[in-house]
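For reference, the structure discussed in these notes is given below.
The values are calculated or read from the model by the stated rules, or taken from the named source; none is laboratory data. As the structure is a prediction and not an experimental result, all values here were calculated from the model. Note that each Cβ is placed from the backbone with ideal geometry, even for glycine, and that neighbours are counted across all protein chains shown.
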Amino acid sequence: MNHSINIAAKRSGLTAHVIRIWEKRYSAVAPSRTDSNRRQYSDEEIDRLVLLKQATDAGYKISQLAPLTTENLTDLLAKEGTATSQQSPASSTADRADLDRGHDFIERSITAIKNLEARDLEECLTQAALSLGHQGMICQVVAPLAVEMGALWRQGTITAAHEHFASAIIRVFLTNISKPFAIPDSAPRIVVATPAGQLHELGAIIAAASCASAGWKVTYLGTNLPAAEIAGACIQNQSRAVALSIVFPEDDPDLTHEIERLREFLPNNVNIMAGGRAAPAYQTVLDRIGCTVCSNMADFTKHLDSLRTPNSSH
């Protein structure tokens, strides 16, 4: 069976962006392509990605590892004593079934988005929530869907209109599905937004829904907000944290200054989190202000849980 890049990323622990770079620059893997030129990875290629990640985590450079065969990689890790298994952590039958179901929902969602079929997209999201649960739907369908939409937009396969169409529907859907959560006034508060110059909304929408699912009272501000506006909302609501979505572009010099100003405006006890495809491009300034960069939704929800304790050291 062949799998999408989102499934390959989930099973390997890598990001889709890293997998693409390793393929393009180093020919580390050679996925097949569909008629629409989308990558498809076999189980063997995903196992190879798992080994490559283990080896890079052990300190090897991908440029050294890419020419090696999978057998050579296995031997190398065995000698290092770092190999855990050639199968990914999510390789159990049940986990693979969940991932495959998520992949099916993503495929159906993309078709609906390309055709601008609102009812089909809403129905697909509803079925995903029923099948996978609220958080499973966010982590296994909506979040990977956002990544895939970004890739399709950069390739020119979909337009900004398609992205705005999908974002509007997903926003309403996630808002409605989150309403049943009875969140008390005593719950910790968080502000979710994208900083100035960041116009892509879907990542922030997903983060807001995930926060609500985890029991936080969310103040969602939307896109393209100056640091002073974000900080002002945070102070007014006595929020414990701020979550930023940073998707595109990856080389905005003004964003560095905005991030620094946000830290200056916020009280010292307010935690800043950031995520999104472009967040690693601003790692230096994010580290400088003590921001926690979350590479995926699992990291994000784990960090949210750690912040719920009032005396958290974060």
*asked:* I'm trying to understand the selection: among the residues of region 234-269, which are over 22 Å from Thr219 (Cα atoms) and not acidic (Asp, Glu)?
replied: Phe248, Pro249, Pro253, Thr256, His257
*asked:* Suppose we filter region 21-52 for residues that are in contact (Cβ under 8 Å) with a residue 40 or more places away in the chain, assigned to a helix (DSSP H, G or I) and under 20 Å from Val147 (Cα atoms); how many remain?
replied: 3
_Matching residues in region 207-242 - criterion: being touching a Gly at 6+ places or on another chain (Cβ under 9 Å) and crowded, with 24+ Cβ neighbours inside 10 Å_ = Ala207
*asked:* When you scan region 36-44, do you find a residue that is among the small types (Gly, Ala, Ser), surrounded by fewer than 16 Cβ atoms within 10 Å (Cβ to Cβ) and within 25 Å of Val247 (Cβ to Cβ), even just one?
replied: yes
_The conditions are (1) under 20 Å from the mean Cα position of the chain (by Cα); (2) assigned to a helix (DSSP H, G or I); (3) over 23 Å from Tyr282 (Cβ atoms), and Trp153 fails exactly one of them. Which is it?_
(3)
_Can you find a residue that is among the hydrophobic types (A, V, I, L, M, F, W, C) and under 19 Å from Trp216 (Cβ atoms) anywhere in region 280-291?_
yes
*Of everything in region 207-221 that's in a helix (DSSP H, G or I) and among the polar types (S, T, N, Q), which residue is farthest from Asp252 (Cα to Cα)?*
Ser213
*asked:* Please verify whether Ala243 is at pLDDT 95 or above and not in a helix (DSSP H, G or I), treating the condition exactly as stated.
replied: yes
*Out of Ser42, Ser12, which single residue is out of contact with any Lys or Arg (no Cβ under 7 Å at 6 or more places or on another chain) and closer than 18 Å to Ala66 by Cβ?*
Ser42
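Taking the criterion of being of a type in the set (Ser, Thr, Tyr) and either in contact with a helix residue (DSSP H, G or I) (Cβ under 7 Å, 6 or more places away or on another chain) or assigned by TED's automatic domain parsing to the domain that holds Val18 (or both), would at least one residue in region 191-209 satisfy it? Break it down stepwise before answering.
Start the filter on region 191-209 by keeping residues that are of a type in the set (Ser, Thr, Tyr), which leaves 194.
Restricting the remaining residues to those that are either in contact with a helix residue (DSSP H, G or I) (Cβ under 7 Å, 6 or more places away or on another chain) or assigned by TED's automatic domain parsing to the domain that holds Val18 (or both) gives 194.
So far as region 191-209 goes, yes, one or more of its residues are of a type in the set (Ser, Thr, Tyr) and either in contact with a helix residue (DSSP H, G or I) (Cβ under 7 Å, 6 or more places away or on another chain) or assigned by TED's automatic domain parsing to the domain that holds Val18 (or both).
This table checks each residue for (1) exposed (fewer than 15 other Cβ atoms within 10 Å of the Cβ); (2) out of contact with any Cys (no Cβ under 9 Å at 6 or more places or on another chain); (3) farther than 24 Å from Arg11 by Cβ.
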site: Leu116; (1), (2), (3): yes, yes, yes
site: Ala129; (1), (2), (3): no, yes, no
site: Met137; (1), (2), (3): no, yes, no
site: Val141; (1), (2), (3): no, no, no
*Just checking, how many residues over region 180-206 are surrounded by fewer than 21 Cβ atoms within 10 Å (Cβ to Cβ) and in a loop (DSSP other than H, G, I, E, B)?*
11
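Looking at this structure, is Gly276 touching a residue at least 40 places away in the same chain (Cβ under 8 Å) and either more than 27 Å from Ala16 (Cα to Cα) or touching a helix residue (DSSP H, G or I) at 6+ places or on another chain (Cβ under 8 Å) (or both)?
Values: touching a residue at least 40 places away in the same chain (Cβ under 8 Å): yes; either more than 27 Å from Ala16 (Cα to Cα) or touching a helix residue (DSSP H, G or I) at 6+ places or on another chain (Cβ under 8 Å) (or both): yes.
Yes.
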*How many residues, within region 110-150, are over 18 Å from the mean Cα position of the chain (by Cα) and either of a type outside the set (Gly, Ala, Ser) or more than 25 Å from Phe300 (Cα to Cα) (or both)?*
17
*Val191 being at pLDDT 90 or above and under 22 Å from Asp299 (Cα atoms)*: yes
*Where residues in region 199-212 are touching a strand residue (DSSP E or B) at 6+ places or on another chain (Cβ under 6 Å) and in contact (Cβ under 8 Å) with a residue 60 or more places away in the chain, which of them is nearest to His164 (Cα to Cα)?*
Gly203
